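Take a look at the structure set out below.
No lab work stands behind these numbers, since they all come straight from the coordinates. Every value quoted in this text rests on a predicted model; they were computed, and no experiment measured them. Cβ placement follows ideal geometry from the backbone for every residue including glycine, while neighbour counts extend to all protein chains displayed.
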Amino acid sequence: MAKPSLWATALWAKSESEKLAQTWPMGSVLESRVLRTWQRNSPRMVRSLNRWQATEALAHVLVDRFVQAEVKNIKAGLPPCDAREEAEKDWLMLEPEEDDNGALSGRIC
């Protein structure tokens, strides 16, 4: 299955964030941490998302999905630390971008 384009992801994130904002306001501490990590590790992605005004919306939605996955993992019997780690891998971790020389930018964690 092909990955959706960044533009399609941006549209999806804006739509989902608008729905989510009715019950979970945008701007949590975790969202801020995610945004800082993206700016450090994936600056080209952030620039593209900023063009479509979707960076904060994507962080908002992915943090919500992370929280839902963490709760689901705990209910499934995983210890809290493992539940959080699995949810982070599923929803918050991105591979850092390569710079023009092929070196990874930033840190993974």
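Can you tell me the length gained on complete extension of the stretch residue 11 to residue 65, counting 0.36 nm per residue apart and subtracting the Cα distance? Intermediate results must be reported in sequence, preceding the final value.
Values: separation 54, 0.36 × 54 = 19.44 nm, distance 1.67 nm.
Between residue 11 and residue 65, full extension yields an extra 17.8 nm.
Rounded if a/c is under 1.5, else prolate if a/b beats b/c, else oblate: with a ≥ b ≥ c from the C-alpha gyration tensor eigenvalues square-rooted, which is the chain? Don't skip to the end; give the middle numbers.
On the way: a/c = 1.87, a/b = 1.23, b/c = 1.51.
Since a/c reaches 1.5 but b/c is at least a/b, the shape of the chain is classed as oblate.
Within the straight-line cut-off of under 12 Å between alpha carbons, the aspartates and glutamates reachable from residue 14 are 56, sequence neighbours fewer than 8 places apart in one chain being disregarded.
So what is the relative contact order for the stretch 17-88, in percent, with contacts set as C-alpha pairs under 8 Å and at least six apart? Write out the running numbers ahead of the final one.
Details: 42 pairs, mean separation 21.2, N = 72.
About 29 percent, as a whole number.
Charged side chains reduced to their Cβ positions (Lys and Arg at +1, Asp and Glu at -1) give the stretch 1-98 a dipole of some 260 debye around its Cα centre. From its DSSP helices (H runs of at least four residues, each -39,500 (n - 2.57)), the chain gives a residue-normalised ellipticity at 222 nm of -20500 deg cm²/dmol.
Starting from the Cα gyration tensor of the stretch 7-49, take the square roots of the eigenvalues, sort them a ≥ b ≥ c, and report rounded, prolate or oblate (rounded when a/c is under 1.5, otherwise prolate if a/b is larger than b/c, else oblate). It comes out oblate by the Cα gyration axes.
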